[in-house]
Amino acid sequence: MELNIENRRYIGNKSKLLKFIDETITKENINFETFGDVFAGTGVVAEYFLNKGKEIYVNDLLFSNFVIYKALLSNEKYEKSKITKIIDGYNEIDSEKLQDNYFSDNFSGNYYHYKDAKKIGFVREDIEKKYINREINDREYNILISCLLYSMDRISNTVGHYESFLNKEPEYKNLQISNLNIKSYNSNSNIYNEDANMLVKKLKVDVMYVDPPYNARQYANFYHLLENVAQWKKPKVYNKAKKMERKNIMSEYCKANAKAVFADLIENIDAKYIIVSYNNTYEAKSTSSVNAITYQDMMQILETKGKVSLYETDYKFFNSGKTNLDKHKERLFVCKVEV
Ligand SMILES: C[S@@+](CC[C@H](N)C(=O)[O-])C[C@H]1O[C@@H](n2cnc3c(N)ncnc32)[C@H](O)[C@@H]1O
C-alpha cells in the first residue's frame with residue numbers, strides 16, 4: 001500500500017478544505033504563478049497548487065514536516081527500486097531478534113509496544129547509517145525517514161498526536177513500513193524550515209497563504225515524538241509524556257503576544273494577495289482552545305495592507321470535547337494588497 005501526503009493525522013490540516021480554498025481564489029479572479037505556504041503543516045495546500053503547475057514556497061517550523069516536504073515535493077533525483085528494496089528488507093525484520101535501542105528505551109510501554117518500538121529505533125538508526133555511508137542520497141534519506149514517520153504514526157497508542165498516550169498498554173501492531181506515493185511535478189518547489197516571520201522577509205510571491213496555529217496548543221507538544229525521530233539526535237526525554245527539550249520549536253503564535261507577531265508577519269509579506277485561514281474556535285469553552293487573535297484583530301491587521309473579503313464554510317474539526325461543533329466555521333480572509 002502506498003500512502004499519500006494527506007494520509008496523516010495532523011491537527012488543523014486543510015485536506016478537506018482544498019476545494020474551498022481553490023473556489024475562493026477563482027471567485028476572487030486571482031491570477032497567479034507563485035504560491036507561498038509558510039505554515040504548511042502537512043503540506044497539502046502547497047501540494048495542491050504545485051500539482052496545478054504553480055511554483056511553491058513551502059515552510060514549517062517543525063523539522064519533521066520539512067523532511068516530508070523534501071521527500072514528497074522536491075524534484076531531486078531518487079531511485080524508486082532502491083527505496084522499495086530497503087523497505088521490503090525492513091518489513092522482513094523479526095523484531096524479536098533486535099536489541100534494545102534509544103527508541104525502545106524511551107517509547108515502549110507508552111506510545112508503542114516493546115517489539116514495535118525496537119523496530120522503529122532499529123530502522124531509524126539504519127537509515128542514518130546508510131546515509132552516512134553514502135548508500136542513499138539526500139532525497140532517498142528524506143523519503144525513507146518520511147515512510148517511517150507516516151507508518152509509525154498509524155500504529156501509535158494515541159488519539160493521533162503525542163501530547164499524551166492512551167491509558168492502556170500499547171498492543172503489538174507488527175509495524176510495516178509503507179511506501180509513499182511520490183509524484184513528479186512540472187513546477188518548482190522551494191522548501192524551508194524557518195520561522196515564518198523571518199522567512200517572509202526574503203520572499204516575493206503572487207499569493208501568500210497563511211495558516212498559523214489558532215490557539216495556545218503548541219504543535220511542538222503534539223508532534224515532539226515525530227520531531228525526535230526526524231532529527232535523530234537522541235535527546236533526553238522528560239516526564240510522563242516523554243517530551244524532549246523543544247524551546248526552539250515553540251511557536252510565538254500560541255503565546256500571549258500572538259496578535260503582535262501576526263501583525264509583524266502581515267506587514268512584511270510581499271505578495272499581490274494574502275489569504276489567511278482562520279476558524280471561529282474563540283467561542284470554545286476550554287482556554288487552550290480559545291483563539292489567540294480575534295476576528296476583529298485579524299480584520300484590522302489585514303486592512304492595513306489592502307481591501308479584505310471574507311469567505312466562510314462549515315467544517316468539523318479537532319476538539320477536546322468541550323467545544324460546540326455546530327457553530328464551527330472555517331474562514332478565509334482574502335486581502336488584495338494595495339500598499
Ligand atoms: C494550522 S497548522 C497548518 C496546517 C496546514 N495548512 C495543513 O493543511 O496541514 C499550523 C502550522 O504552523 C506551524 N508553525 C507554528 N509557528 C510557526 C512559525 N513561527 N513559523 C513557521 N511555522 C509555524 C506549525 O508547526 C503547524 O504545522
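Observations
- Proximity of backbone amide H atoms, modeled 1.01 Å from N, is registered between GLY43 and no other residue at under 5 Å, excluding neighbours fewer than 5 places apart on the same chain.
- Rounded to the nearest 10 Å², the accessible area of LYS233 at probe 1.4 Å: 150
- When Rg and Dmax are taken over the Cα atoms of the stretch 166-281, they come to 18.3, 52 Å.
- Qualifying chymotrypsin sites (Phe, Trp or Tyr not before Pro) in the stretch 1-99, where qualification requires a DSSP coil assignment and no more than 16 other C-beta atoms within 10 Å, comprise PHE32.
- Vicinal HN-Hα couplings computed from phi for the stretch 180-191 (Karplus, 6.51 cos²θ - 1.76 cosθ + 1.60; Hz; Gly/Pro x): 9, 7, 9, 8, 10, 10, 8, 10, 7, 10, 10, 10
- Here the dipole of the stretch 1-104 is about 200 debye; that uses its Cα centre as origin and unit charges on the Cβ of Lys and Arg (positive) and Asp and Glu (negative).
- The alpha carbon gyration tensor of the stretch 220-271 gives principal lengths a ≥ b ≥ c with a/c of 1.5 or higher and a/b greater than b/c, which makes the shape prolate.
- Positive end of the dipole of the chain (Cβ unit charges, origin at the Cα centre): among GLN296, VAL229, PHE20, the Cα lying farthest that way belongs to VAL229.
- Extreme residue, positive dipole direction of the chain, given options TYR78, LEU166, ASN190 (C-beta unit charges): LEU166
- Near the amide H of ASN190, within less than 5 Å, lie the amide hydrogens of ILE56, TYR57, VAL58, all on another chain or at least 5 residues away, with H placed in the peptide plane.
- When only the Cβ of Lys, Arg, Asp and Glu is charged (+1, +1, -1, -1), the dipole of the stretch 147-225 relative to its Cα centre reaches about 180 debye.
- Temperature 20 °C, viscosity 1.002 mPa s: under these conditions the Stokes-Einstein estimate for the stretch 73-213, based on its Kirkwood radius over C-alpha pairs, is 123 µm² per second.
- Estimated distance in nm for a label pair at ASN51 and LYS183, the labels positioned 7 Å out from Cα along Cα-to-Cβ: 0.4
- Alpha-carbon geometry of the stretch 1-100: the Rg and the Dmax are 17.3, 60 Å, given in that order.
- Note that the stretch 160-250 presents 49 Å² accessible area per residue, ligands and nucleic acids not counted, probe 1.4 Å.
- Separation of the alpha carbons by more than 21 angstrom is noted, of LYS272/LYS305; LYS115/LYS183; LYS14/LYS85; LYS97/LYS118; LYS119/LYS234; LYS80/LYS129, for LYS115/LYS183; LYS14/LYS85.
- For LYS236, a cut-off of 16 angstrom between C-alpha atoms picks up these lysines, skipping any fewer than 8 places away in its own chain: LYS247.
- With the convex hull constructed from alpha-carbon coordinates only, the chain shows a mean projected area of 17.0 nm² over all directions.
- Relative to the Cα centre, the charge distribution of the chain, modelled as +1 at Lys and Arg Cβ and -1 at Asp and Glu Cβ, gives a dipole magnitude of about 440 debye.
- Close amide H contacts of ASN179 (hydrogens built in the peptide plane, cut-off under 5 Å, sequence separation of 5 or more or a different chain): LEU3.
- Accessible carbon and sulfur surface of the stretch 112-178 relative to its total accessible area, %, 1.4 Å: 46
- Seen against the Cα atoms of the chain and their longest principal axis, helix 114-132 is set at about 80 degrees.
- Gained length - GLN231 relative to ILE93, 0.36 nm times residue gap less alpha-carbon distance: 47.3 nm
The values are calculated or read from the model by the stated rules, or taken from the named source; none is laboratory data. In this text, all values refer to a predicted model and were calculated from it rather than measured experimentally. Cβ coordinates were reconstructed from backbone atoms using ideal geometry, including for glycine residues, and neighbour counts include every protein chain displayed. Just the protein is used for accessible areas: all its heavy atoms, side chains included, with ligands, DNA and RNA removed. Shrake-Rupley method; radii C 1.70, N 1.55, O 1.52, S 1.80 Å.
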